[in-house]
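Working notes for the structure below.
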Ligand code: AMP
Ligand code: GLY
């Protein structure tokens with residue numbers, strides 16, 4: 001088959017890597033890809049946001065399957081448009097992608113289908129939202145309704161912080177259309193986990209649980225990022241909890257979406273807060289997680305293209321997922337200054353050395369190739385993944401490999417995976 005991956009981050013490199021392994025894949029393109037995907041696929045300089053450009057490319061190049069990485073094109077209806085042209089596309093249609101693209105839609109949906117989540121209210125103006133916060137007090141969580149590239153959520157420890165978040169949203173209009181409404185939510189204390197499934201609209205296949213690390217510094221200090229590392233399987237999700245999540249969250253969601261005439265096909269990602277061994281949904285995402293995918297997919301033994309096709313065709317019940325009996329720990333190497341201002345264009349060295357190591361994979365994120373050199377090209381630059389049957393060794397393999405890699409002002413967390421130990 002002729003296959004295209006849409007997107008250019010670490011998640012998309014991991015997807016391309018897994019698709020490339022499939023016996024069904026004859027030719028692979030990445031739109032736009034990065035320096036890592038360039039080694040295994042043909043990069044095409046079309047942005048993931050340029051839906052018409054993507055559809056046009058796929059038609060001209062007889063693409064038979066498109067795997068969409070990021071949420072924006074999904075929320076804009078890329079799957080609907082590709083299907084109209086007879087091209088198979090992996091991911092939910094526009095209407096179903098609302099589960100991520102509108103937090104107020106998602107919260108109402110959780111309530112209707114009795115999916116456990118934090119208590120909340122929705123407001124469309126500053127005064128009423130402020131009055132509500134004055135009534136209930138802090139800590140409290142303020143969320144812009146629409147897609148805000150992971151920056152629309154403020155976990156406010158004080159009322160003042162919450163008011164400032166409201167000001168940003170309603171008065172400074174920082175998130176434009178995405179900030180027309182806010183969800184104000186009860187603060188839940190606990191440990192987070194990410195639980196992803198494949199769904200064909202009727203049946204589901206759960207993946208192994210993962211854990212992200214959002215804050216930029218060790219011990220979860222500093223501002224939130226797109227994710228500084230991940231590991232899988234995350235032992236906080238034990239067998240009992242896993243079954244609870246499947247029955248009370250994932251199956252209810254897929255049935256609920258069908259009931260709402262928004263049949264859900266693709267990957268459904270639940271961001272969970274585990275509080276006293278009970279899971280609450282913080283958010284649903286309509287796609288693979290980044291950086292969770294970089295830890296999950298190296299452990300998948302099944303053919304991902306077969307699974308994607310079965311997801312589209314509604315035949316997931318005829319498949320199962322096979323996983324390696326191992327752990328993967330993935331550490332993000334970021335540009336100095338990220339998630340605030342950072343420079344690009346720094347030369348990355350040591351990747352050749354790392355390539356020689358066993359049980360280590362490097363997924364590129366913000367990188368580009370220039371005159372045969374790999375340069376930094378974003379905030380999150382590389383994901384270094386260590387794999388081993390023993391958790392500690394997987395973690396060690398990732399950190400040993402990182403010692404070989406260098407670019408100016410590179411920084412990373414040195415505690416990725418440490419939360420796993422108390423559950424192992
Ligand atoms: P979201 O985009 O809704 O997942 O929120 C981003 C991050 O904010 C989450 O990963 C949590 O760390 C935090 N967060 C969101 N909602 C809550 C909540 N109700 N209680 C505590 N933390 C939250
Ligand atoms: N890991 C967070 C996300 O993919 O949204």
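The values are calculated or read from the model by the stated rules, or taken from the named source; none is laboratory data. Keep in mind the model is a prediction, meaning the values are calculated, not measured. Here the Cβ positions follow ideal geometry from the backbone for every residue, glycine too, while neighbour counts run over all protein chains shown.
Annotations for the structure displayed:
- Filtering region 214-224 to residues that are within 16 Å of ligand 2 (Cβ to nearest atom) and either part of a strand (DSSP E or B) or farther than 19 Å from residue 190 by Cα (or both) leaves 215, 216, 223, 224.
- Scan of region 116-155 for residues that are assigned to a loop (DSSP other than H, G, I, E, B) and either within 16 Å of ligand 2 (Cβ to nearest atom) or closer than 26 Å to residue 76 by Cα (or both), ordered by number: 124, 125, 145, 146, 147, 148, 149, 150, 151, 152
Conditions (1) at pLDDT 95 or above; (2) within 14 Å of ligand 1 (Cβ to nearest atom); (3) under 29 Å from residue 112 (Cβ atoms), marked per residue:
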| site | (1), (2), (3) |
| --- | --- |
| 218 | yes, no, no |
| 244 | yes, no, yes |
| 284 | yes, yes, yes |
| 288 | yes, no, yes |
| 311 | yes, no, yes |
| 314 | yes, no, yes |
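- On the stretch given as region 274-300, residues that are in a loop (DSSP other than H, G, I, E, B), under 20 Å from the mean Cα position of the chain (by Cα) and either surrounded by fewer than 16 Cβ atoms within 10 Å (Cβ to Cβ) or away from ligand 2 (no atom under 16 Å from the Cβ) (or both) total 0.
- The numbered conditions (1) within 12 Å of ligand 2 (Cβ to nearest atom); (2) surrounded by 23 or more Cβ atoms within 10 Å (Cβ to Cβ); (3) not in a loop (DSSP other than H, G, I, E, B) are all true for residue 227 except (3).
- For the residues 192, 177, the requirement of being outside any loop (DSSP other than H, G, I, E, B) and farther than 30 Å from residue 422 by Cβ singles out 177.
- Per-region count, region 311-320, residues surrounded by 17 or more Cβ atoms within 10 Å (Cβ to Cβ) and either out of contact with any strand residue (DSSP E or B) (no Cβ under 8 Å at 6 or more places or on another chain) or closer than 11 Å to residue 205 by Cα (or both): 3
- Exactly one residue among 307, 312 is touching a residue at least 24 places away in the same chain (Cβ under 8 Å), under 23 Å from residue 12 (Cβ atoms), more than 16 Å from ligand 2 (Cβ to nearest atom) and touching a helix residue (DSSP H, G or I) at 6+ places or on another chain (Cβ under 8 Å), and that residue is 307.
- Residue check for residue 7: surrounded by 19 or more Cβ atoms within 10 Å (Cβ to Cβ), within 16 Å of ligand 2 (Cβ to nearest atom) and at positive phi: yes
- Whether a residue is within 16 Å of ligand 2 (Cβ to nearest atom), touching a helix residue (DSSP H, G or I) at 6+ places or on another chain (Cβ under 7 Å) and not in a helix (DSSP H, G or I) was assessed, and residue 92 passes this test.
- Any hit, region 16-34, residues being in contact with a helix residue (DSSP H, G or I) (Cβ under 6 Å, 6 or more places away or on another chain), in a helix (DSSP H, G or I), buried (at least 18 other Cβ atoms within 10 Å of the Cβ) and without any contact (Cβ under 8 Å) to a residue 40 or more places away in the chain: yes
- When residue 191 is tested against (1) within 13 Å of ligand 1 (Cβ to nearest atom); (2) over 29 Å from residue 233 (Cβ atoms), only condition (2) is not met.
- A single entry from 54, 3 fulfils the requirement of being within 22 Å of residue 268 (Cβ to Cβ), touching a residue at least 12 places away in the same chain (Cβ under 8 Å) and either assigned to a loop (DSSP other than H, G, I, E, B) or more than 18 Å from the chain's Cα centre (by Cα) (or both): 3.
- Of residues in region 116-154 being within 9 Å of ligand 1 (Cβ to nearest atom) and closer than 13 Å to residue 104 by Cβ, the one farthest from the chain's Cα centre (by Cα): 120
- Against the criterion of being surrounded by 23 or more Cβ atoms within 10 Å (Cβ to Cβ) and assigned to a strand (DSSP E or B), residue 271 does not qualify.
- Considering residues of region 248-271 that are out of contact with any helix residue (DSSP H, G or I) (no Cβ under 7 Å at 6 or more places or on another chain) and under 25 Å from residue 332 (Cα atoms) only, the residue nearest to ligand 1 (Cβ to nearest atom): 271
- The requirement of being closer than 28 Å to residue 308 by Cβ, in contact with a strand residue (DSSP E or B) (Cβ under 7 Å, 6 or more places away or on another chain) and surrounded by fewer than 17 Cβ atoms within 10 Å (Cβ to Cβ) is not satisfied by residue 208.
- Exactly one residue out of 285, 224, 277, 219 is within 23 Å of residue 139 (Cα to Cα) and in contact with a helix residue (DSSP H, G or I) (Cβ under 7 Å, 6 or more places away or on another chain): that is 277.
- Single residue of region 106-127 satisfying the filter (out of contact with any strand residue (DSSP E or B) (no Cβ under 8 Å at 6 or more places or on another chain) and surrounded by 15 or more Cβ atoms within 10 Å (Cβ to Cβ)) that is farthest from residue 245 (Cα to Cα): 126
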